[in-house]
Amino acid sequence: MTMAPHQPFQPPTPVDRASLENMFTPAAPSNWTIEDSEELYRIHSWGNPYFSINADGHLTVSPKGDRGGSLDLFDLVESIQRRNLNLPLLIRFSDILQDRIERINACFAKAIARYKYSGVYRGVFPVKCNQQRQLLEDVVRFGKPYQFGLEAGSKPELLIALATLDTPGALLICNGYKDRDYIETAMLGQRLGQQPIIVIEQMAEVELAIAASQNLKIRPVLGVRAKLSTKGSGRWGISAGDRAKFGLTVPEILALVDRLRQEGMLDCLQLLHFHIGSQISAISVVKEALREASRIYVELADLGANMQYLDVGGGLAVDYDGSQTNFYVSKNYSTQNYANDVVAEVQEACRAKGVAVPTLVSESGRAISSHQSVLVFDVLGISDAPSQDNVEVPGDADHLILRELYEIYQNLNSKTVQELYNDALQFKEETISLFNFGYLSLSDRARAERLFWACCRKALSVVRDAEYIPEDIEELHQSMASIYYINLSVFQSMPDAWAIDQLFPILPIHRLNEVPSSRGTLADLTCDSDGKVNQFIDLRDVKHVLELHPLQPGKPYYLGMFLGGAYQEIMGNLHNLFGDTNAVHIHMTPKGYQVEHVVKGDTMTEVLGYVQYDAEDMIENIRRRSEMALHDNHITLEESQLLLQHYEHSLSQYTYLV
Ligand SMILES: *Cc1c(COP(=O)(O)O)cnc(C)c1O
């Protein structure tokens with residue numbers, strides 16, 4: 001089922017019976033098709049037109065979208081590993097980035113034509129979404145035909161933008177906290193032919209900008225960020241509203257106008273900016289903000305400011321779960337809907353007030369950079385839920401609790417399940433108490449636990465045909481799932497999954513023509529219990545276990561994480577000292593593909609350096625201690641040499657398991 005855009009999000013029913021049933025009645029292996037995988041993992045919904053499945057059951061990537069050319073992701077990963085680059089591996093597809101830039105520009109061009117809007121669109125890419133050098137250079141290169149610019153949100157990002165942007169006519173929007181240095185550097189950018197627009201976000205910046213302008217004798221182009229009273233929705237709703245961190249309130253904007261007028265600089269004020277948060281899932285919220293901002297824009301023009309640009313900020317969302325709803329990881333509108341609304345709302349406000357329409361600017365980062373990267377990682381092993389042993393029948397001489405548990409097991413059926421499952425839970429607790437007080441031996445405790453798990457399995461199997469599934473049994477689902485250990489740090493590679501419950505599509509990139517008969521959650525390499533993934537995309541709400549394949553002995557099992565190209569890379573951290581992953585840039589050619597750049601992940605020496613350890617000192621330390629141990633006959637010469645060899649070798653290695 002695909003919901004039409006604009007339809008309000010339906011809260012999920014507490015228990016998704018359909019998926020529960022699937023879980024225990026997987027299609028026979030021979031019946032499973034790639035279409036079943038496509039539907040299960042919803043690839044078309046979130047990945048169109050870039051991701052698909054081929055007849056071999058491998059995930060394929062079409063980096064140029066609808067314009068043809070695709071590659072087999074599994075084969076690509078194998079071939080990159082033959083180049084001595086190990087997993088986890090981040091693959092960036094520059095053609096996807098190009099396609100995203102072309103798409104947003106095409107949508108605005110179409111909207112402008114449709115409404116006969118007499119202005120133009122000049123987008124900018126917010127550097128904070130992904131500061132990676134090759135990526136930003138690509139953004140600038142692909143954006144040239146559209147005079148696509150950059151947005152800086154800090155001093156270091158300004159330095160990047162000044163050095164990277166070389167497109168005549170492209171804007172360099174300067175946001176974030178500013179000091180005199182920041183403002184003067186930006187203004188001097190004008191002398192290099194850049195078009196910096198300094199957006200006043202705090203009252204204190206007004207005087208800094210006036211002083212810098214007088215000092216440098218440069219007439220800057222200024223913007224102002226408005227604190228709209230339109231509340232964003234979802235996670236970043238607090239970015240807007242009267243108490244937001246950034247922006248000027250309406251009284252402050254009027255004070256700014258007066259102050260600039262006093263200094264004879266009112267003509268410098270040319271841009272109105274707002275940003276009500278990222279990942280705005282509901283188009284109604286976008287529209288409301290546009291309406292308020294457009295009204296402020298025309299009033300500013302009326303007050304005599306030389307208004308030229310309306311910058312609608314970021315917020316253009318990504319449909320991570322493919323549900324096309326206003327759920328927080330989705331959006332109930334298309335990029336075309338968005339562009340149409342921006343153009344139409346602004347045009348209407350200008351028409352009503354008789355003001356010339358502005359150049360439209362958007363700072364869409366997530367929508368441009370999310371799709372281009374794919375993270376591939378391998379599964380190291382699986383811990384299954386307590387296994388399907390034969391149920392052991394207790395004898396008369398056995399402890400009462402064993403006999404009770406066995407009786408529950410025997411009497412469990414769809415009518416008794418709720419009551420008996422709860423009894424079983426209680427007996428499980430009692431088992432522990434009895435053991436702790438010394439009334440139950442370790443082996444009896446083991447037998448009791450086995451019986452308890454047998455009850456759980458039976459409980460799950462009997463609800464398969466039940467009309468109603470009790471909530472606690474639904475939860476059992478999760479506790480009976482396998483744990484897949486992944487060669488990855490969630491903190492480094494998908495920090496938002498840990499920090500803000502962000503969902504990313506995750507699925508195997510091969511074996512998609514085989515039934516995924518296991519159910520699992522993912523556990524990462526860190527020794528932090530938060531280093532796990534147990535929330536996955538679903539059509540409705542979130543699912544807590546992911547359909548996966550059993551491992552095949554001696555064969556790798558690769559999973560891919562998709563749509564993570566915005567924010568994840570820079571916000572990833574070094575928890576447990578797992579460093580940056582290897583990354584490659586892939587570019588499609590008429591004959592196939594080409595590996596354009598290889599960015600090697602951190603070595604142990606590098607991550608240790610971040611915490612002020614010097615590899616040479618560390619080796620020296622171990623060498624000294626080995627010599628002492630050798631002297632005292634605690635170690636043999638061979639052992640000490642082996643230790644040093646391992647130690648030195650590790651320092652130059654990848655932080656992940658090989
Ligand atoms: C973060 C940010 C953006 C980017 O937002 P997206 O939702 O990723 O497009 C744009 N503008 C400003 C001011 C921001 O802070």
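Just to be sure, is VAL357 under 19 Å from MET561 (Cβ atoms) and either open to solvent by 30 Å² or more (accessible area, probe 1.4 Å) or more than 16 Å from the ligand (Cβ to nearest atom) (or both)? Considered against the rule, which asks whether it is under 19 Å from MET561 (Cβ atoms) and either open to solvent by 30 Å² or more (accessible area, probe 1.4 Å) or more than 16 Å from the ligand (Cβ to nearest atom) (or both), VAL357 comes out as no. Any residue at all in region 596-615 that is loosely packed, with under 15 Cβ neighbours inside 10 Å, in a helix (DSSP H, G or I), in contact with a Leu (Cβ under 7 Å, 6 or more places away or on another chain) and modelled with pLDDT of 95 or more? The answer is yes, given that some residue of region 596-615 is loosely packed, with under 15 Cβ neighbours inside 10 Å, in a helix (DSSP H, G or I), in contact with a Leu (Cβ under 7 Å, 6 or more places away or on another chain) and modelled with pLDDT of 95 or more. Applying the condition of being modelled with pLDDT of 95 or more and within 16 Å of the ligand (Cβ to nearest atom) to region 556-569 and asking which residue is most open to solvent (accessible area, probe 1.4 Å) yields TYR567.
Is it true that some residue in region 524-534 is of a type in the set (D, E, K, R), under 19 Å from LEU375 (Cβ atoms) and without any contact (Cβ under 8 Å) to a residue 40 or more places away in the chain? Checked against the condition, which is being of a type in the set (D, E, K, R), under 19 Å from LEU375 (Cβ atoms) and without any contact (Cβ under 8 Å) to a residue 40 or more places away in the chain, region 524-534 yields at least one hit. Contact map, region 163-177: residues that are without any contact (Cβ under 8 Å) to a residue 12 or more places away in the chain paired with residues that are surrounded by 14 or more Cβ atoms within 10 Å (Cβ to Cβ), Cβ distance under 7 Å, separation 6+ or inter-chain. No pairs are found. Looking only at region 462-485, which residues are touching a residue at least 24 places away in the same chain (Cβ under 8 Å), surrounded by fewer than 17 Cβ atoms within 10 Å (Cβ to Cβ) and assigned to a helix (DSSP H, G or I)? Hits for region 462-485 are ARG464, ASP465, GLU471, ASP472, GLN478, SER479.
Within the bounds of region 250-272, is there any residue that is open to solvent by 10 Å² or more (accessible area, probe 1.4 Å) and in contact with a Gly (Cβ under 6 Å, 6 or more places away or on another chain)? Within region 250-272 (the criterion being open to solvent by 10 Å² or more (accessible area, probe 1.4 Å) and in contact with a Gly (Cβ under 6 Å, 6 or more places away or on another chain)), the answer is yes, since at least one residue qualifies. Does any residue of region 449-459 turn out to be at pLDDT 95 or above and open to solvent by 20 Å² or more (accessible area, probe 1.4 Å)? No, every residue in region 449-459 fails to be at pLDDT 95 or above and open to solvent by 20 Å² or more (accessible area, probe 1.4 Å). Within region 229-257, restricting attention to residues that are within 16 Å of the ligand (Cβ to nearest atom) and not in a loop (DSSP other than H, G, I, E, B), which residue is modelled with the lowest pLDDT? Selected residue: ILE238. Checking each residue in region 151-181 for being within 13 Å of the ligand (Cβ to nearest atom), within 25 Å of the chain's Cα centre (by Cα), surrounded by fewer than 24 Cβ atoms within 10 Å (Cβ to Cβ) and at negative phi picks out GLY153, SER154, GLU157. Taken over region 260-288, the residue count meeting the criterion of being assigned to a helix (DSSP H, G or I) and under 18 Å from VAL343 (Cα atoms) is 6. Being among the aliphatic types (A, V, I, L, M) and either within 16 Å of the ligand (Cβ to nearest atom) or surrounded by fewer than 16 Cβ atoms within 10 Å (Cβ to Cβ) (or both) is a description that applies to LEU400. The number of residues in region 616-652 that are surrounded by 13 or more Cβ atoms within 10 Å (Cβ to Cβ) and closer than 27 Å to ARG133 by Cα comes to 1. Inspection of region 573-587 identifies no residue that is without any contact (Cβ under 8 Å) to a residue 12 or more places away in the chain and either among the aliphatic types (A, V, I, L, M) or more than 16 Å from LEU488 (Cα to Cα) (or both).
Among the residues of region 486-511, not one is in contact with a Lys or Arg (Cβ under 7 Å, 6 or more places away or on another chain) and part of a strand (DSSP E or B). Which residue pairs have Cβ atoms closer than 8 Å, lie 6 or more positions apart in sequence or on different chains, and pair a first residue in region 314-327 that is charged (D, E, K, R) and away from the ligand (no atom under 16 Å from the Cβ) with a second residue that is assigned to a loop (DSSP other than H, G, I, E, B) and open to solvent by 10 Å² or more (accessible area, probe 1.4 Å)? Listed pairs, sorted by first residue: ASP321/ARG42; ASP321/PHE327; ASP321/ASP538; ASP321/LEU539. In region 368-380, the qualifying residues are those that are under 22 Å from VAL61 (Cβ atoms) and open to solvent by 10 Å² or more (accessible area, probe 1.4 Å), and the one that is nearest to the ligand (Cβ to nearest atom) is HIS371. The set of residues in region 486-513 that are surrounded by fewer than 19 Cβ atoms within 10 Å (Cβ to Cβ) and not small (Gly, Ala, Ser) comprises ASP496, ILE500, ASP501, ASN513. In this structure, ASN337 does not satisfy being part of a loop (DSSP other than H, G, I, E, B), touching a Pro at 6+ places or on another chain (Cβ under 9 Å) and either at pLDDT below 95 or under 15 Å from VAL286 (Cβ atoms) (or both).
Restricting attention to region 289-313, which residues are open to solvent by 40 Å² or more (accessible area, probe 1.4 Å), closer than 25 Å to LYS128 by Cβ and either outside any loop (DSSP other than H, G, I, E, B) or within 15 Å of the ligand (Cβ to nearest atom) (or both)?
GLU292
The values are calculated or read from the model by the stated rules, or taken from the named source; none is laboratory data. Treat the numbers as computed from the prediction; the structure is a model and nothing was measured. Cβ coordinates were reconstructed from backbone atoms using ideal geometry, including for glycine residues, and neighbour counts include every protein chain displayed. Heads up: the accessible areas ignore ligands, DNA and RNA and are worked out on the full protein's heavy atoms, side chains in. Shrake-Rupley method; radii C 1.70, N 1.55, O 1.52, S 1.80 Å.
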